[in-house]
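Asker: The following block contains the structure, expressed as C-alpha cells.
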Amino acid sequence: MREVENMKHLTVLLFLIFIGTLTSACACAFHSEKAISTREAAKRIGEEVNVTGKVTQAFVCKGSPGRPWKLILDEPESPFVVMIPREYLKKWENRDVKKRFLGQKIIARGTVNRYRGRPEITVARHFWILTTKEMQELLAKYKGKKYEHKVGAKDEDGGEK
C-alpha cells in the first residue's frame, strides 16, 4: 500500500517538474528568439514566432466570445493583428491596454494564423507580449543573471508565474 502511495507522489512530482520545465522553455523562447517583422510573420502561417511592429489601433472585440483585445500593427503598410485574451489583463500590473500599447512598438509571441484575409496571432501566455521598452528593461535587469523558474510558483492571483 505504501508503495502505491509513493508512486502517486513520484508521478505528481515528475509531472510538476515537466510542467515547470515546459513553462521555463516557453518563457526563454520568447525572451531569446529573434523577433521578425509583421511582413515576414505573415508568410509564416502555422508557425510560432515572435513578431514586432507598431500598434496603430487597440480596441475590445465586443462581438467575440470573451471580448478579447485586438491590436492592429503596422497599418496601413503591412496590417497584422495581435489578439489578447481578456483574462490575461488581471495578471498585468498595467491593465490599461490602450494606454500601454497604442503608438508603441511591441513584441508578441504566438502561432500565426489567417483570419478574414489578415494574418494574426493570439498571445498564448500573459507574459508573451511586451513593448520594446519593457523588453529592453527586462533584459537589462536580468543581464548576466541565470534564469531560474521555481516549479509550482504562483502569482498573487494563484495563477502560474
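Derivation of every value follows stated rules applied to the coordinates shown; laboratory data play no part. Here the structure is a predicted model, which means the values were calculated and not measured. We place every Cβ from the backbone using ideal geometry, glycine too, and count neighbours over all the protein chains shown.
Asker: Could you compute the FRET efficiency for Lys143 and Arg116, with r as their C-beta to C-beta distance and R0 at 30 Å, rounded to 0.05?
Answerer: The formula returns an efficiency of 0.15 here.
Asker: Mind listing the phi-derived Karplus ³J(HN,Hα) values for the range 115-132, rounded to whole Hz, using 6.51, -1.76 and 1.60 with θ = phi - 60°, and x for any glycine or proline?
Answerer: Once rounded to whole Hz, the list reads 10, 6, x, 10, x, 8, 10, 10, 4, 8, 9, 5, 9, 9, 8, 8, 6, 5.
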